[in-house]
Amino acid sequence: MVIKQAITTSNDLTISDQKDVLVELLSFKNLANLKCPLTLDNYQRAYVWGADKVIQLLNDLVSFIQDSHEKAYYMGTILLHREVDEKQSNLCVIDGQQRLTSLAVLYWLLNERLPTHIQFSFRSSRSKVNIQQAKLTIKNWLDKNNLECAKLIEVYDRLLFTVIKVTKEDLAFTFFDTQNNRGVPLGSTDLLKAFHLRAIKSADAHLDELLQSHCAYRWESVQLQGTFSKLSPTHDFAPELFHYYLWRARNWTGNQVVELESKDEMFSHFGNRTKNTELGEVKLYPAGANQWGQSLNLTHDNDFYLNPTRQQLGLQSAYLPFSLRQPISRGVGFFLYAEKYAAILNLLVHKPSRDLEIQAVQQFYNQVVKTLSHYLQSLFRLCLLVYFDRLGSKGLLRFTLWLDHRIGEIRLSQSDIRRETPIKFLRDSKRNLLDVIANAYECDDVIDFLKQKDVSTTYTLNNGWIMKIGGNRLVQERYITAVSKYYRIESLEKKTAEYIELTAEGQLANQMKQIDSRFKGITYV
């Protein structure tokens with residue numbers, strides 16, 4: 001997808017003579033004198049500017065036009081990358097994509113054509129949507145402000161950029177990390193995407209590009225998950241996935257349960273510490289969902305092959321043979337790993353499923369868990385993810401009800417749930433619940449651990465007063481009402497261990513009866 005599809009005179013000043021970096025001051029017009037068009041590299045992010053940033057750019061241009069004292073308008077730095085000693089037909093934009101894309105859309109509306117030296121192609125459908133929105137925003141702004149188009153067309157010759165051309169790929173990536181002081185800053189997941197796309201590299205450039213394209217598409221599917229959460233207002237689920245689930249599932253072990261301190265730690269854990277493998281190969285480990293494979297390959301045809309039998313798999317990404325705490329293979333392995341666990345979270349909480357256990361868990365989640373605080377809901381989803389990764393859906397409803405019994409005790413005993421509450425819950429126990437799940441062989445291994453602490457007193461009285469079922473004023477009352485309705489009880493004292501087990505069994509039986517009733521009367525030939 002190129003820009004056109006998506007939206008259907010200063011002298012060069014050499015400031016640096018260093019071999020690997022060339023710095024020039026160029027006008028927008030003189031960017032065309034670079035002898036090759038500007039394109040985007042494989043690891044660039046999507047076009048993400050919203051209406052506010054587009055309008056800010058337009059207002060800045062108008063302010064410049066109205067200020068007759070200034071001869072040129074400085075637009076900041078553009079960072080470009082090209083190979084050394086190799087004949088290239090383009091220059092890749094590392095930093096400046098958002099500004100140049102916005103200027104290209106405006107140029108299109110003013111001139112009914114694109115600037116010839118900007119030839120961006122976008123893999124992400126998000127880019128297409130955002131470019132269309134930018135086009136509409138600019139068109140409405142032009143209609144509203146009644147500005148002479150000739151003045152805006154003329155201003156393009158007065159736009160100035162500091163153009164940095166970098167010849168080494170490592171330098172390009174370093175700049176990619178440290179630049180972006182204008183526009184939308186890059187987060188740790190943007191850098192991780194770039195790092196692992198760059199790691200897909202071999203002697204066959206065509207094969208590299210195909211695998212990079214497959215992985216970029218898979219990454220986009222990760223970004224579009226998480227519709228059950230409001231933690232990602234930009235509709236990019238990747239930061240939430242890595243911070244709240246993957247990093248915690250891998251690092252909250254023993255009593256080492258602490259908040260993620262920095263972007264550098266995130267990048268180090270999921271970037272620099274990953275394992276080098278052959279192109280397209282993902283090393284597997286005999287744990288969790290994998291019992292018979294040594295490695296997995298993603299081919300240029302976007303198929304999975306399991307070694308050593310080289311057997312083609314037709315599996316959903318949620319069932320790829322990875323485990324949460326295994327080492328991550330660099331490149332392809334990183335993208336498949338992220339895709340699997342984003343898909344699992346979606347499968348467990350949001351996506352309709354044919355699995356009776358998952359159906360029952362979703363029903364409980366919607367009726368009860370959603371009444372918990374944001375921090376307890378996040379902990380709940382994390383535990384579900386770790387359980388499903390280890391044991392699948394077998395016993396998932398029993399685990400869910402017992403997990404709620406323990407987390408519910410926190411809700412009832414504390415009116416103020418803070419971000420430290422889940423950390424304290426995991427860290428202060430004799431054993432970390434996530435560790436218990438990760439090492440379990442049966443559902444009972446986890447439930448026996450959850451039963452060790454007797455919380456029955458909390459379900460009867462709290463701070464000397466009796467909770468009101470049916471109340472909706474206090475956070476505890478809303479939770480109690482939801483629990484009582486689900487279990488069909490008038491008093492929380494009745495929610496004993498035996499009753500929890502009977503409820504789990506009964507709910508699954510009801511799910512089966514509903515399925516049987518749908519097929520009743522159907523004749524099979």
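Listed by first and then second residue, the pairs with beta-carbon distance under 6 Å, at least 6 apart or on different chains, first residue in region 213-237 and closer than 13 Å to Ala46 by Cα, second surrounded by 19 or more Cβ atoms within 10 Å (Cβ to Cβ) and at pLDDT 85 or above, are Trp219/Lys193; Trp219/Phe335; Gln223/Phe237; Gln223/Ala238; Asp236/Gln223. If we scan region 176-191, do we find a residue that is outside the structural domain of Phe304 (by TED's automatic domain parsing), among the hydrophobic types (A, V, I, L, M, F, W, C), modelled with pLDDT of 80 or more and not in a loop (DSSP other than H, G, I, E, B)? Scanning region 176-191, I find at least one residue that is outside the structural domain of Phe304 (by TED's automatic domain parsing), among the hydrophobic types (A, V, I, L, M, F, W, C), modelled with pLDDT of 80 or more and not in a loop (DSSP other than H, G, I, E, B), so the answer is yes.
The listed residues are Phe380, Phe399, and the only one of them that is crowded, with 22+ Cβ neighbours inside 10 Å and under 24 Å from Ala318 (Cβ atoms) turns out to be Phe399. Does region 233-242 contain any residue that is over 26 Å from Ser393 (Cβ atoms), at pLDDT 85 or above and touching a Pro at 6+ places or on another chain (Cβ under 7 Å)? No. Considering only region 344-376, how many residues are assigned to a helix (DSSP H, G or I), more than 20 Å from Asp389 (Cβ to Cβ) and among the polar types (S, T, N, Q)? Selection size over region 344-376: 4.
Take the residues of region 307-334 that are farther than 13 Å from Ser295 by Cβ and over 20 Å from the mean Cα position of the chain (by Cα): which is modelled with the highest pLDDT? The qualifying residue modelled with the highest pLDDT is Leu315. The residues of region 21-41 include none that are polar (S, T, N, Q), in contact with a helix residue (DSSP H, G or I) (Cβ under 8 Å, 6 or more places away or on another chain) and over 17 Å from Gly76 (Cβ atoms).
The values are calculated or read from the model by the stated rules, or taken from the named source; none is laboratory data. All figures in this text were calculated on a predicted structure; none of them were measured in a lab. Quick reminder, even Gly has a Cβ in these numbers, built from the backbone with ideal geometry, and neighbours come from all protein chains shown.
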